[in-house]
Amino acid sequence: MSKMSERMKRKMTAAMALEMLQNLDSDDSDAGDLSEVESDSDLSFVQENTSSSSESDSESIPRKKRRLLSSETRDPDVPFTADVPGLPEPVPALEPTGVLSPPLESSRPEAAVEKGKDGTVWTVLQSTERPGRRQSQNVLTEAAGPTAHAKRNIGDALTAFLCVFDDGMLKHIRDCTVTEAHQHRGDSSWDLTVAELKAFIALLYIRGAQGAKNMELGSLWSEKWGFSFFKETMSRKGREIMKFLRFDKKETRRVRLQDDKFALVSATWNKFVQNSIACYKPGANITIDEQLFPTKARCRFIQYMGNKPDKFGIKFWLAADVNSKYMLNGAPYLGKEETRSRGQLVGESVVLRLAEPFLGKGRNITIDNFFTSLKLATALQAKKTSLVGTLGKTKRELPPSAKEQAELFSTKVLKCAGATLTIYQGKPRKNVCILSSVHTSVGITDGPKAKPESVTYYNNTKYGVDVLDQMARAYSVKGGTRRWPVAVFYNILDLAGINAHILFKECTSSKIARRKFMQQLAEELRAEFMEGKGAAWQLAQGPSQQQKQPPQQTSKQRQCQVRRSCKQNKTHDTCCKCRKPVCGNCARRTEVTCVDCEA
């Protein structure tokens, strides 16, 4: 009887525990609800396991019931009871609720994420007050400034110019111009030397330095409105040079135009870009942007841009150093590019092509929303180069929050694939999105507008090409022309003058102003032609045209032996040729004139 009573008590204790577990509310349980327990048979193993325990142990169960953990959400550190045959999965043993178990994976807080239209997943980050740590990809590994080649060859303004606009380019332009003149005139009498071409370029630079780009070409030689520099340098042959100025040979033009729309001036442009790359190493920041060189000359790739001061012109993609404003690389925009890989955007192709000589050295490239994309940032990051740029609202990788209005001067930071996206509400109805692979985390600067670090970085590095374009316009050699290759030649001279000025200052430690540098460069460009012009004038003077020297004097007076206009006058003078005494009436005295006045 005693054994049966003990068994009955144990069964009642197990039944009471089962009833309490089934009646337990979800609010009272810290492990979710017990929908997984369906019948008494599911807890048969509990009855068997508890039969060996004492009655006092069973009664010491806390008032709050033990929780039953599912095998699907269990923590691996929770102990298990023995497996029971017939059960599909092992069921964990009950644990007193008073003991804290390790947190479940499902209960851990997850970071908020957002998805773009193309499926790009962005993780929301917390903005901090401290700036993020600079990554190894942003450590510059080479010295910035002129290369060893430039330092060896630059000593004055002319040598600085010839580093970027070399003798090979001058000879090529001279040959093409002479060929055009011979074909146009029908004879080979017209000629042009490299020294004359340099003097012609000197005239163009003086026109830019004096701000006379709107003056008619003929007015530059006029007595009233012109400049003495033009009259002293050359006669009006400069007009003929401008008329016949060419940069390619017509014989092979048709074949070259099939593969190159820029064939009429591509040889000169490409050589100028190669020289510019070879003479200078940029600093840590490079800007890539567009330049519209104003012209209304007829060509197939004239662009209209309503947001520019001059609406029509030829568009160039330029890369410039942020600190020095040196033109590092460039390419014209010629319309649809067949060489671009399928699926690659125009902006991505342009950035990768212009930045290619400077990749792998820890530099940063700043661009605007036309070029920026997450794909481009990832591609540059693989080549140890970072990117900072604005993202347009039409980009499919942007999360939905980028188009929502937030509190004024608030910042939201997201991250994806090693790049951070900063959404800054700078205006009441307009925010800005900055994509950066420089910043691992984005700090907030002090001030009333609380600007994020990435926005400040973009503002400090975005203006390289814009300032370069303003510098070119300030002293542009541009003049009116109906031929687009001549317009491109003007742009080459503008950019070459800026690059030569930067090289001259850094190689000679000079602080010369750019306008004064252009005047000095023009003087040195025409020096060779002026020396040759003086020597040629001396050789051109024949015996009958030589300047007559004044008569020589003797100590003793003698009678004049010429007697053409006198009556035996006495004189101290002697003819310098025949040595006869000659009086003042029979002598010819000439005034001394300079070379320019005689011409």
For the peptides 212-221, 469-478, what is the packing order when you average, over each peptide's residues, the other Cβ atoms within 10 Å and list the highest mean first? 469-478, 212-221
Under the Karplus curve 6.51 cos²θ - 1.76 cosθ + 1.60, θ = phi - 60°, whole-Hz ³J(HN,Hα) for the range 479-494, x wherever Gly or Pro sits: x, x, 7, 9, 10, 5, x, 5, 4, 5, 4, 4, 5, 4, 5, 4
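Quick one: divide the alpha-carbon radius of gyration of the range 272-330 by 2.2 N^0.38 Å and tell me what you get.
It is 1.31.
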Picking from Val465, Pro485, His501, whose Cα lies most toward the positive end of the charge dipole for the range 414-509 (charges on Cβ: Lys, Arg +1; Asp, Glu -1)? Pro485
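Going by the alpha-carbon gyration tensor, a ≥ b ≥ c the square roots of its eigenvalues, is the range 158-298 rounded (a/c under 1.5) or, if a/c is not under 1.5, prolate (a/b greater than b/c) versus oblate?
Details: a/c = 1.70, a/b = 1.17, b/c = 1.46.
Because a/c hits 1.5 or more and a/b fails to exceed b/c, the range 158-298 counts as oblate.
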Hey, what do the phi angles of the range 351-364 turn into as Karplus ³J(HN,Hα) couplings, whole Hz, using 6.51/-1.76/1.60 and θ = phi - 60°, x for Gly and Pro? 5, 5, 6, 6, 8, 4, x, 10, 7, x, 10, x, 8, 10
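Quick check: from the Cα gyration tensor, does the range 300-346 come out rounded (a/c under 1.5), prolate or oblate? List each step's numbers first, then the result.
Values: a/c = 2.30, a/b = 1.14, b/c = 2.02.
Note, shape of the range 300-346 comes out oblate.
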Whole-Hz Karplus couplings 3J(HN,Hα) for the range 440-450, θ = phi - 60° and coefficients 6.51, -1.76, 1.60, Gly and Pro as x, run 6, 9, 10, x, 9, 7, 6, x, x, 8, 6
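Read-outs: derived from the displayed coordinates by stated rules, not from any lab. For clarity, every value in this text was computed on a predicted model and none was experimentally measured. All Cβ positions, even for glycine, are placed from backbone atoms using ideal geometry, and neighbour counts span all protein chains on display.
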